[in-house]
Amino acid sequence: MNCFKKILIIFFLLMPISNTFAAMVELNQSITINTRNVLDAGTGSDHKDFGVVAGIEFNKDGTKMFTSFANQACVMGDQTDDCDSASATFRAQVINTYNLSTPYDISTQSFAGDSERCVMTDLNSGKNFHTVYDLELSSDGMKLLIVTRNMGSDADQDKAYVYDLSSPYDISSCSQSSTTTNLDSSTFTDGSKAGTTTGLRGNHRLQGIEINDNGTKLFLIFFDETDDNTRLYEYNLTTPYDLTTLSLNTNAGIELTFAENIDNAAGMRFSSNGKRLFVVTHDLLNERALIQISLSNPFDTSSFVIDGALAFSTFPTTHDQPRGIAFNSSGLKMYITDDRQNSGIDEIKEYDLKCPFNIFEGKCPSITENNDRHGLAIAQIEIAKRTIDHSTDTALNRLKWIRRNKDK
């Protein structure tokens, strides 16, 4: 390789991929999700409800999208929505599947049908109603995880569940395999870096869930209405994905305070490498925000830095009650679910990010920490090398021809 080629390739290698942009988050598109018709598992027919879209997740290749619904679903004899009536009967919670004809393009989604839903009749008994919030899928697509909350005051009203699937990402085959017991007791919520709950247990509400790639660490977010703080707990599982083996990691956890304009967290998501965490808040009276947290080690909340909270009021479109968050495989697309104030028509918004798994200027991960950016850089260098080879070879061939034909 001649000196000219070496200089050009070194230039491409040293040239940084910028991590400062005028706009780190750009709206790509928004779609509506009709939440009015939620399966009535009691009669097999659909009925009206006040369901709101909550969690969101995708399969690995982006051809399937899954959403959970924080439903206030109930049925009376006349099919009305009076959930406070003594004759009301609560029905099943559901997770919906949508097929995407173009991977990760939500405008190409189509509802997969009732037969492709996960119908969770096991969550409710009479009026002991548990509202489903965030959801998560295991890295191999064989486990579905959800969280539910209830306004009751005893220690077993907030629960996390794991469901087994018979084949990857087939949530219609969901079968409950384990659940937590007395999760809202001091055993599982006091004594960690997330802080201690001092108010009524009914004001301590479970709303977000995440898990590491091998199922040995569980992360749960509680909104603590007593002091308006958000508590992110980290748990160890001695048996992967078995919630009966849960124990609180007292050396880890994150407390996000109301003083930092962080209130009523609803959902969260890790980056693909586990070193960045995003939390969605959706408080009605204060600022709704998306919080970005960088971890020193993957899936380890014992050491972290809060990069900042980006107010949804600064986003390119309006958000009423943002709840769930997801990313595509490269981290260059971000998806936020938005409850449109119980209108029955909620939204999913798709954003383009200038930098993978990052919403702040100056916080873009280094190339070596992000496979997508690393691969992109290598590809760009290879293209540059080929271009240089072609250009220099062409020039050298012309010089050789001139030398051979100089007398002519």
Label-point separation, residue 156 to residue 404 (7 Å along Cα→Cβ), nm:
9.0 nm
So which of 60/193; 193/333; 159/363; 60/275 end up more than 27 Å apart, counting from Cα to Cα?
60/193; 193/333; 159/363
By how many nm would the segment from residue 317 to residue 366 lengthen if fully extended, with 0.36 nm per residue of separation less the alpha-carbon distance?
14.7 nm
Please list 3J(HN,Hα) in residue order for the stretch 332-338, calculated via the Karplus relation 6.51 cos²θ - 1.76 cosθ + 1.60 where θ = phi - 60°; whole Hz, with x for glycine and proline.
8, 10, 10, 10, 10, 8, 9
Computed lengthening from residue 297 to residue 101, 0.36 nm per intervening residue step minus Cα-Cα distance
66.9 nm
What share of all Cα pairs of the stretch 222-356, in percent, falls into each consecutive 10 Å distance bin?
12, 39, 35, 13, 1
Quotient of Cα radius of gyration and Kirkwood radius for the stretch 278-326, i.e. Rg/Rh, equals 1.04
If you take the alpha carbon radius of gyration of the stretch 153-238 and divide it by 2.2 N^0.38 Å, what ratio comes out, to two decimals?
1.18
By the scheme Lys and Arg +1, Asp and Glu -1, what is the net charge of all other residues having a beta-carbon under 14 Å from that of residue 29?
-4
Taking every other residue with Cβ under 9 Å from the Cβ of residue 106 and scoring Lys and Arg +1, Asp and Glu -1, one gets -1
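We did not get these values from a lab; they are worked out from the coordinates using the rules stated. What you see is a predicted model; the values in this text were computed from it and never measured. Cβ sites come from the backbone with ideal geometry, for glycine too, and all protein chains shown count toward neighbours.
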